[in-house]
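Trainee: Pasting a structure below so you can have a look.
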Amino acid sequence: MNSLLKYVIFLFCLSIGFGQNASVSGTVVDTENVAIEFANVVLFSEDESQVLKGTTTDESGYFILPNLEPNTYVIKVSYIGFTEFHQKIVLTGVLDLQTIVLQEASEQLDEISIIAKKPTLKREADRLVFNIENTALVEGTMLQVLKSTPGVLVLGDEITVKNSNPTVYINNRKVNLSADDLNQLLEGSSANAIKSVEVITNPSARYDAESGVVLNIVMSKNLITGYRGSVFSNYTQGVFPRYNAGTNHFFKNDNISFNVNYSFSKSKINRDGDDQVNYLNTSNTTDEIWRSKTNRNTWSETHNLNANFDYFINDKSTLSLSSNALYLPYFKYKIENNTVIRDLNNNVLSRFTADNLSRDNKYNLAFDLAFSHNFEKGNITANAHYTNYNYERNQGVISDFFDSSDNFINSNAFNTDNNQETNILAGKVDYSTPINEHSNFETGVKFSTTTTESDITQFDVDLSSGNETIDPQNSDAFDYDEQILAAYVNYDLSTEKWSLNAGLRMEQTNVEGISPLTNITNTQDYLEWFPNASLQYNFSEDYNVYANYKRSIARPNYANLNPFRFFLNDNYVVSGNPFLVPTFVDHFVIGTSITDYFTFEAYYKNYDGAISEIPRQDNTANIIEYISVNFDKTVEYGFDFITGFDVTDRWSVYAVTSFYNYEEETDFGQGSVTQDQWSNYSELQNDLTLLKDNSLNMSLVLTWVGKNLQGFQTVEDRLVSEFAISKSIFNKKGILSLSVSDLFNMQDFDLATQYQNQFNTQTTDVDNRYVRLGFRYKFGNTKLESNARAIDSEERERLERTDN
């Protein structure tokens, strides 16, 4: 720890640097010598690989970029309807470019695409970058955008990329939420402020070792001085109506940049289930058939707030404060269940109903404070993070029992109180520096601590008197403490022929979970190393081959380790497993890209101790228990084909198909069970821009998910579909949008479990077939906004991809 402390102090000391007083200035005019206001002026490094500074011209066409280092740069000046000015400059002091004349473009202004309207897909060495800014997709929710992102599959509350649950970041800051809460955050948040989604399939050592796959949602910022904002509202009709409204604001001047996005959503969501459990006798033949038909409704009111404030201390140093907040003051969860029990000859033996009503109150508040300093060569960032999560649930369950003739027998009831508070505190320092014009070096350290206190109390209810009695068998408390200390180094090299990225991350993990009432203690203490490497060779501009390797970890989270047994009714329980151990994943990829349009990949993934929540039926007690377990062996391998191209200048297509095999093996105490399944995942996305002024935009996404294996459950074929259309009105200040989900009613899923003494099926009808109508109105310096949008998308991406 002393050595680590000295290392951190050393990195901070590197942040002391002094700039030179060089500058470049000029005046931008048209061919008639009329000054051009709001022209974009962007300064690049000599090889144009990095955007260094940007500004706009004033009312006289004048601009200045001050406080620069003497060096060789490339300067670009652009404005709507004019040909871009591009020049290399050698800066040794104060440089006045005097008058820069922009030539009018050959097209008429009303024929120029003022705002990019088609989503664009860019493949980089370790990621896919899906740019959606100002397309039809941003008129929906964040969750809708992820559903349309190539390679990302959203089904119910689960987000997956190639059968893995990705770690979600917003502006390169990790979102510390459970799967359910993350779904609520994304569903309740407008996509208006999203610039792009990065699907990082081979994260560098800079990312946490748990980040086997990263989804980084990049939010828009004002790059040019000024203010802009918008208000929006959406109405969604599924089984029940849903509402969403909010506002976005962006402001920037020479000293600060600020943006805030707020939304409120109110919804009622339906879900129907048809489950069958075949309880078996000792000979593993069916003894009783329990068929349950369930209707579940969820009411919620959700507030989402995302804010970011940047203070430019000087030309080299920036202080940033950001926050993500999720608040659910109202969340109601109602389940109505009717279960009929029959014998093997289909004779009714009995039935029961179970009504469950839960009310939740929860919030998640996350704050980040970051400092960034640019040296003459290199950059250092320091970040402090805090998350506070609070959750309360009050549940009431009442069951009525009937005999074979449907005569009432009796009733029972129980109530449950469940409370949880989690605090996450983390700090990290990252330093990066170029070694030469072709290579860079990164290093950093991070420390995080997570503490959780929770309790569950179940009460048996006397229905005649209403008196409650604590059930000690199903009441408990659980305290959880996790500490992770990490350090990493990373090196990347890029030449005309070769690209290399190699890194090594070390993480020391200490975990202690204590359940005082059941006297269960779980302690884990381990040091692990996580290498990653990417190598690419370019035979030509149109042909390359590459190979990637990454080792990652999936730690059992608090919910997995918590030993609580949470009964949804007398025969359906969700349990934690305090004896879970981490999963280690080795991921290998080899591939080739031919031109910019075709990519072929083969991959292999080995999971050591994969964690999966599975249903386990107790044939003696007639109970279904959902519990997370470690599998002895999980292997996945497959082949991918990816293509993306423009059919015309208004119609773009992206397609991917993947054929893969998934194998699972484990021993449940009755001998080893092995299952495997070949599957196909295919996606086709079409994006169109219509009308002369490019004001009508459409997107259609079709995703085929073939029969596959998940946690010893066979999932049948599904077709996921999403259509979105938007039309600019009111001189492009207003946008009307319409989206439709599950066009073919093939998005619901069927599950089947059958091995050893397990035999059950599940059919789920999710409320994912809906029509959404939206309207957004933009205001503020819209002239400035439109011109800012004209910056080349690749340049914008380099400018905004800075790690904080």
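The values are calculated or read from the model by the stated rules, or taken from the named source; none is laboratory data. Keep in mind the model is a prediction, meaning the values are calculated, not measured. All Cβ positions, glycine included, derive from the backbone under ideal geometry; neighbour counts span all protein chains shown. SASA here: full protein model, heavy atoms, side chains in, ligands and nucleic acids out. Shrake-Rupley method; radii C 1.70, N 1.55, O 1.52, S 1.80 Å.
Trainee: Can you work out which of the residues in region 269-284 that are among the β-branched types (Val, Ile, Thr) and in contact (Cβ under 8 Å) with a residue 12 or more places away in the chain is surrounded by the most Cβ atoms within 10 Å (Cβ to Cβ)?
Mentor: Val277
Trainee: Ok, one more. Quick check, is Phe567 hydrophobic (A, V, I, L, M, F, W, C) and surrounded by fewer than 17 Cβ atoms within 10 Å (Cβ to Cβ)?
Mentor: Values: hydrophobic (A, V, I, L, M, F, W, C): yes; surrounded by fewer than 17 Cβ atoms within 10 Å (Cβ to Cβ): no.
When the stated conditions are applied, Phe567 does not pass them.
Trainee: Would you call Leu319 open to solvent by 20 Å² or more (accessible area, probe 1.4 Å), of a type outside the set (Lys, Arg) and within 24 Å of the chain's Cα centre (by Cα)?
Mentor: No.
Trainee: With the checklist (1) of a type outside the set (Val, Ile, Thr); (2) out of contact with any helix residue (DSSP H, G or I) (no Cβ under 8 Å at 6 or more places or on another chain); (3) part of a strand (DSSP E or B) in hand, flag the one item Pro556 doesn't pass.
Mentor: Answer for Pro556: the failing condition is (3).
Trainee: Kindly provide the set of residues from region 373-402 that are small (Gly, Ala, Ser) and either under 26 Å from the mean Cα position of the chain (by Cα) or open to solvent by less than 20 Å² (accessible area, probe 1.4 Å) (or both), ordered by number.
Mentor: Matches in region 373-402: Gly378, Ala382, Ala384, Ser399.
Trainee: Here's another thing I want to ask about it. Which of the residues spanning region 515-536 are open to solvent by less than 60 Å² (accessible area, probe 1.4 Å) and either closer than 28 Å to Tyr603 by Cα or modelled with pLDDT under 90 (or both)?
Mentor: Ser515, Ile520, Asn522, Glu528, Phe530, Pro531, Asn532, Ala533, Ser534, Gln536
Trainee: Looking only at region 567-611, count every residue that is part of a strand (DSSP E or B), farther than 21 Å from Glu482 by Cβ and either in contact with a helix residue (DSSP H, G or I) (Cβ under 9 Å, 6 or more places away or on another chain) or among the β-branched types (Val, Ile, Thr) (or both) and tell me the total.
Mentor: Kept after step one, since they are part of a strand (DSSP E or B), are these residues of region 567-611: 567-569, 572-575, 583-594, 598-608, 611.
Next, only the ones that are farther than 21 Å from Glu482 by Cβ stay: 567-569, 572-574, 586-594, 598-607.
From what's left, either in contact with a helix residue (DSSP H, G or I) (Cβ under 9 Å, 6 or more places away or on another chain) or among the β-branched types (Val, Ile, Thr) (or both): 567, 573-574, 589-590, 592, 594, 599.
Of the residues in region 567-611, 8 are part of a strand (DSSP E or B), farther than 21 Å from Glu482 by Cβ and either in contact with a helix residue (DSSP H, G or I) (Cβ under 9 Å, 6 or more places away or on another chain) or among the β-branched types (Val, Ile, Thr) (or both).
Trainee: Name the residues in region 1-30 that are among the β-branched types (Val, Ile, Thr) and modelled with pLDDT of 85 or more, would you?
Mentor: Scanning region 1-30 gives Val24, Thr27, Val28, Val29.
Trainee: Moving on. Does region 228-246 hold any residues that are part of a strand (DSSP E or B) and open to solvent by 30 Å² or more (accessible area, probe 1.4 Å), and which are they? Please lay out each step first, then the result.
Mentor: From region 228-246, those part of a strand (DSSP E or B) are 228-237, 241-246; that's our starting set.
Listed by number, the residues that qualify are Val231, Ser233, Tyr235, Gln237, Pro241, Tyr243, Ala245.
Trainee: Output the residue which, of all residues in region 611-630 that are under 28 Å from the mean Cα position of the chain (by Cα) and touching a residue at least 60 places away in the same chain (Cβ under 8 Å), is farthest from Gly591 (Cα to Cα).
Mentor: In this case the residue turns out to be Pro615.
Trainee: Kindly indicate the residue of region 50-94 that is open to solvent by 50 Å² or more (accessible area, probe 1.4 Å), in contact (Cβ under 8 Å) with a residue 40 or more places away in the chain and more than 36 Å from the chain's Cα centre (by Cα) and also nearest to Val29 (Cα to Cα) among those meeting that condition.
Mentor: Going through the qualifying residues, I end up with Ile64.
Trainee: Residues to consider are Ala193, Ala179; find the one that is modelled with pLDDT under 75 and over 22 Å from Gly774 (Cα atoms).
Mentor: Criteria check complete, one pass: Ala179.
Trainee: Here's a check for you: in region 444-460, which residue that is touching a Ser or Thr at 6+ places or on another chain (Cβ under 8 Å) and touching a residue at least 60 places away in the same chain (Cβ under 8 Å) is farthest from Trp498 (Cα to Cα)?
Mentor: Ranking the candidates gives Gln458 first.
Trainee: Can you confirm whether region 136-153 contains a residue that is part of a loop (DSSP other than H, G, I, E, B), modelled with pLDDT under 70 and farther than 28 Å from Ile735 by Cβ?
Mentor: no
Trainee: Tally the residues that are over 18 Å from Ala533 (Cβ atoms) and open to solvent by 50 Å² or more (accessible area, probe 1.4 Å), restricting the search to region 495-514.
Mentor: 4
Residues are listed down the side, and each one gets a yes or a no for (1) open to solvent by less than 40 Å² (accessible area, probe 1.4 Å); (2) out of contact with any strand residue (DSSP E or B) (no Cβ under 7 Å at 6 or more places or on another chain); (3) hydroxyl-bearing (Ser, Thr, Tyr); (4) farther than 30 Å from Val573 by Cβ:
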position: Asn415; (1), (2), (3), (4): no, no, no, no
position: Glu442; (1), (2), (3), (4): yes, no, no, yes
position: Ile456; (1), (2), (3), (4): yes, no, no, no
position: Pro472; (1), (2), (3), (4): no, yes, no, no
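Trainee: Any residue in region 637-647 that is charged (D, E, K, R) and either free of Cβ contacts under 8 Å to residues at least 24 places away in the same chain or under 30 Å from Ser534 (Cβ atoms) (or both)?
Mentor: Yes, some residue in region 637-647 is charged (D, E, K, R) and either free of Cβ contacts under 8 Å to residues at least 24 places away in the same chain or under 30 Å from Ser534 (Cβ atoms) (or both).
Trainee: Could you look through region 672-694, keep only residues that are assigned to a strand (DSSP E or B) and either of a type in the set (D, E, K, R) or touching a Pro at 6+ places or on another chain (Cβ under 6 Å) (or both), and pick out the one that is most open to solvent (accessible area, probe 1.4 Å)?
Mentor: Asp676
Trainee: With the structure loaded, tell me whether Phe668 is modelled with pLDDT of 95 or more and closer than 30 Å to Ile289 by Cβ or whether it fails that test.
Mentor: So Phe668 fails the test.
Trainee: How many residues are free of Cβ contacts under 8 Å to residues at least 60 places away in the same chain and out of contact with any Asp or Glu (no Cβ under 8 Å at 6 or more places or on another chain) if we restrict to region 289-302?
Mentor: Residues flagged as free of Cβ contacts under 8 Å to residues at least 60 places away in the same chain and out of contact with any Asp or Glu (no Cβ under 8 Å at 6 or more places or on another chain) within region 289-302 amount to 4.
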